[in-house]
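The values are calculated or read from the model by the stated rules, or taken from the named source; none is laboratory data. What you are looking at is a predicted structure, and each value in this text was computed from that prediction instead of being measured. Backbone-built Cβ (ideal geometry, glycine too); neighbour counts: all protein chains shown. Areas reflect the complete protein model, heavy atoms only, side chains present, ligands, DNA and RNA absent. Shrake-Rupley method; radii C 1.70, N 1.55, O 1.52, S 1.80 Å.
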Amino acid sequence: ETGVTQSPTHLIKTRGQQVTLRCSSQSGHNTVSWYQQALGQGPQFIFQYYREEENGRGNFPPRFSGLQFPNYSSELNVNALELDDSALYLCASSSGTSGTVGELFFGEGSRLTVL
Amino acid sequence: AQSVTQLGSHVSVSEGALVLLRCNYSSSVPPYLFWYVQYPNQGLQLLLKYTTGATLVKGINGFEAEFKKSETSFHLTKPSAHMSDAAEYFCAVSDRGTYKYIFGTGTRLKVLA
């Protein structure tokens with residue numbers, strides 16, 4: 001069983017640029033969630049996608065957007081990057097039919113540095 | 001709104017000593033509760049979870065946690081700390097039927113030789 005994979009693992013951008021982060025969900029999972037983890041903080045919920053539609057959003061501005069594809073992989077896009085966007089971005093997948101009710105499986109994250 | 005409080009951002013224990021990491025939550029109804037561990041430069045790994053049933057749940061690596069509704073707590077324990085337990089630990093809560101987790105700010109565990 002393949003776990004959650006994310007790319008790139010590290011990247012550096014400058015303020016005002018745009019970034020796309022990618023995530024492949026665990027086999028058999030149809031739900032993908034994205035979290036932002038700032039240094040020294042717990043992860044914060046950005047949004048969740050279920051069957052290609054946004055299905056819940058946290059307190060993040062519209063410049064944070066996402067997509068989910070028919071194979072359940074996902075992208076997180078951030079426009080007009082700000083210094084405070086520097087963080088570890090975690091993708092997590094889940095499936096309501098897996099029997100593991102409510103459990104998220106996390107990838108290792110993409111560390112974004114904004115200069 | 002739900003929230004999670006982890007008391008103690010840093011905890012140090014001697015190798016072989018009891019590990020106790022505290023977590024309190026606020027929720028109008030019993031939520032799902034989780035403990036995750038994060039090693040440096042890695043993602044989150046599930047240690048254990050409480051959904052329904054037995055309030056004492058056992059997880060991986062010898063960890064366990066007890067759901068106490070009256071105290072709105074879900075403290076994590078391990079009888080004997082090992083050097084490999086040094087990591088950051090996160091408590092999380094989610095409403096039943098959703099996958100939106102609210103995480104605490106984490107507790108960094110240091111194990112002293």
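Among strands (runs of 3 or more DSSP E) entirely within the stretch B:7-113, having at least 3 residues that are free of Cβ contacts under 8 Å to residues at least 40 places away in the same chain and more than 14 Å from chain A (Cβ to nearest Cβ) singles out B:64-68. Return only the number of the condition from (1) closer than 28 Å to A:Leu112 by Cα; (2) open to solvent by less than 10 Å² (accessible area, probe 1.4 Å); (3) at pLDDT 90 or above that B:Ala81 does not satisfy. B:Ala81 satisfies all of (1) closer than 28 Å to A:Leu112 by Cα; (2) open to solvent by less than 10 Å² (accessible area, probe 1.4 Å); (3) at pLDDT 90 or above except (1). The single condition from (1) open to solvent by less than 50 Å² (accessible area, probe 1.4 Å); (2) within 15 Å of the chain's Cα centre (by Cα); (3) under 26 Å from A:Gln41 (Cβ atoms) that B:Leu7 fails is (1). Of the strands (runs of 3 or more DSSP E) contained entirely in the stretch A:1-61, those carrying at least 3 residues that are open to solvent by less than 30 Å² (accessible area, probe 1.4 Å) fall at A:19-24, A:31-37, A:44-50. Of the residues making up the stretch B:48-67, just one is more than 15 Å from B:Val37 (Cβ to Cβ) and in contact with a His (Cβ under 8 Å, 6 or more places away or on another chain), namely B:Glu66. The residues of the stretch A:97-115 that are modelled with pLDDT of 95 or more and open to solvent by 40 Å² or more (accessible area, probe 1.4 Å), listed by number, are A:Arg111, A:Thr113, A:Leu115.
Residues are listed down the side, and each one gets a yes or a no for (1) of a type in the set (D, E, K, R); (2) out of contact with any strand residue (DSSP E or B) (no Cβ under 6 Å at 6 or more places or on another chain); (3) more than 25 Å from A:Gln36 (Cβ to Cβ):
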site: B:Ser3; (1), (2), (3): no, no, no
site: B:Val13; (1), (2), (3): no, no, yes
site: B:Asn24; (1), (2), (3): no, no, no
site: B:Leu44; (1), (2), (3): no, no, no
site: B:Phe63; (1), (2), (3): no, no, yes
site: B:Lys68; (1), (2), (3): yes, yes, yes
site: B:Tyr89; (1), (2), (3): no, no, no
site: B:Gly104; (1), (2), (3): no, no, no
site: B:Ala113; (1), (2), (3): no, yes, yes
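Only one entry in B:Lys49, B:Lys58 is among the basic types (Lys, Arg) and loosely packed, with under 15 Cβ neighbours inside 10 Å, namely B:Lys58. Going by the conditions given, is B:Thr51 β-branched (Val, Ile, Thr) and over 22 Å from A:Ser94 (Cβ atoms)? No.
Quick one: is A:Ala92 assigned to a loop (DSSP other than H, G, I, E, B) and either over 21 Å from B:Leu44 (Cα atoms) or under 9 Å from the mean Cα position of the chain (by Cα) (or both)? For A:Ala92, the condition - assigned to a loop (DSSP other than H, G, I, E, B) and either over 21 Å from B:Leu44 (Cα atoms) or under 9 Å from the mean Cα position of the chain (by Cα) (or both) - is not met. Reported count of residues in the stretch A:68-78, each being surrounded by 15 or more Cβ atoms within 10 Å (Cβ to Cβ) and closer than 28 Å to A:Leu115 by Cα, is 4. Might you let me know whether the stretch A:96-108 holds any residue that is closer than 28 Å to B:Thr5 by Cβ, without any contact (Cβ under 8 Å) to a residue 60 or more places away in the chain and part of a strand (DSSP E or B)? Scanning the stretch A:96-108 turns up no residue that is closer than 28 Å to B:Thr5 by Cβ, without any contact (Cβ under 8 Å) to a residue 60 or more places away in the chain and part of a strand (DSSP E or B).
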